[in-house]
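Undergrad: My structure is below; once you've seen it, I'll send some questions.
The values are calculated or read from the model by the stated rules, or taken from the named source; none is laboratory data. Remember, predicted model here, so these are calculated numbers, not experimental data. Side chains included, ligands, DNA and RNA excluded: accessible areas come from the protein's heavy atoms. Shrake-Rupley method; radii C 1.70, N 1.55, O 1.52, S 1.80 Å.
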Amino acid sequence: EAGVAQSPRYKIIEKRQSVAFWCNPISGHATLYWYQQILGQGPKLLIQFQNNGVVDDSQLPKDRFSAERLKGVDSTLKIQPAKLEDSAVYLCASSSRQGSGEKLFFGSGTQLSVL
Amino acid sequence: QKEVEQNSGPLSVPEGAIASLNCTYSDRGSQSFFWYRQYSGKSPELIMFIYSNGDKEDGRFTAQLNKASQYVSLLIRDSQPSDSATYLCAVNPSGGSYIPTFGRGTSLIVHP
């Protein structure tokens with residue numbers, strides 16, 4: 001079974017530039033998450049999708065971040081314009097929603113450096 | 001704000017010892033609890049989950065949950081150098097949102 005695919009693996013940009021990340025979840029997984037992980041911290045949720053609808057985006061900085069999940073499969077996360085504090089690893093995860101919990105399967109992440 | 005607290009460590013144990021990792025959470029109504037392992041430069045990988053009070057064992061790993069005291073722990077028996085990683089505790093809050101909140105992780109170092 002293929003895992004969660006993410007690209008690019010690394011990205012270096014200058015502040016005020018824009019950047020986009022792509023994620024393809026595990027086949028059949030209805031729920032998709034984008035997390036931001038700053039060095040030395042745990043992952044912080046940015047947005048959760050259930051199929052192609054947004055479940056929670058309360059921690060997404062909407063003045064600069066946007067995300068979409070077309071057709072309930074692939075997802076893109078965009079930052080425009082980027083700030084220095086956006087330097088982090090952006091993790092995509094998916095789950096099939098089993099029982100009362102969520103077992104997340106993570107992609108390899110995109111490491112973003114904003115200079 | 002619902003929080004998950006972990007000591008960042010590092011926790012250093014000798015090879016063959018028992019490593020004990022602890023996590024506390026603020027949301028008393030939380031229902032499900034997870035431990036993820038994250039090697040340096042890699043993404044988190046689920047290693048254990050527990051829903052009920054008590055112990056759950058899987059190989060060298062044991063998860064322990066005490067809802068009354070609001071803590072969950074992970075024991076690693078016969079620790080190996082390959083267990084050296086950051087261990088993230090994740091908690092699903094009450095309210096049915098099923099959105100895991102992660103702690104900052106505890107760095108474990110197993111030295112030969």
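Undergrad: Would you compute the Debye intensity of the protein assembly as shown from its alpha-carbon atoms alone, equal scatterers and no solvent, and pass along log10 I(q)/I(0) at q = 0.14 Å⁻¹ to two decimals?
TA: So the normalised log intensities are -0.88.
Undergrad: Using a 1.4 Å probe on protein heavy atoms only, how many Å² of accessible area do A and B hide from each other, summed over both chains and rounded to 100?
TA: Between A and B, the summed buried area is about 1700 Å².
Undergrad: Relative contact order, percent, of chain A when contacts are C-alpha pairs under 8 Å separated by at least 6 residues?
TA: 37 percent
Undergrad: Divide the volume of the convex hull of the Cα atoms of chain B by its number of residues and quote the answer in cubic angstrom per residue.
TA: Per-residue hull volume (Cα only) is 94 Å³.
Undergrad: Which number gives the lysine pairs in chain A that have C-alpha atoms under 23 Å apart and are eight or more places apart or on different chains?
TA: So the count works out to 16.
Undergrad: Right, something else. Using only Cα atoms, what Kirkwood radius does chain A have, in angstroms?
TA: The Cα-based Kirkwood calculation yields 14.1 Å.
Undergrad: Roughly speaking, to the nearest percent, how much of chain B's 1.4 Å accessible area is carbon and sulfur?
TA: C and S fraction of accessible area: 48 percent.
Undergrad: Which of rounded, prolate or oblate describes the stretch B:38-102 when judged by the alpha-carbon gyration tensor and an a/c cut-off of 1.5?
TA: Taking the square roots of the gyration eigenvalues as a ≥ b ≥ c, the stretch B:38-102 is oblate.
Undergrad: Can you give me the pair-distance distribution of the stretch A:7-74, C-alpha pairs, 10 Å bins, whole percents?
TA: 18, 48, 31, 3
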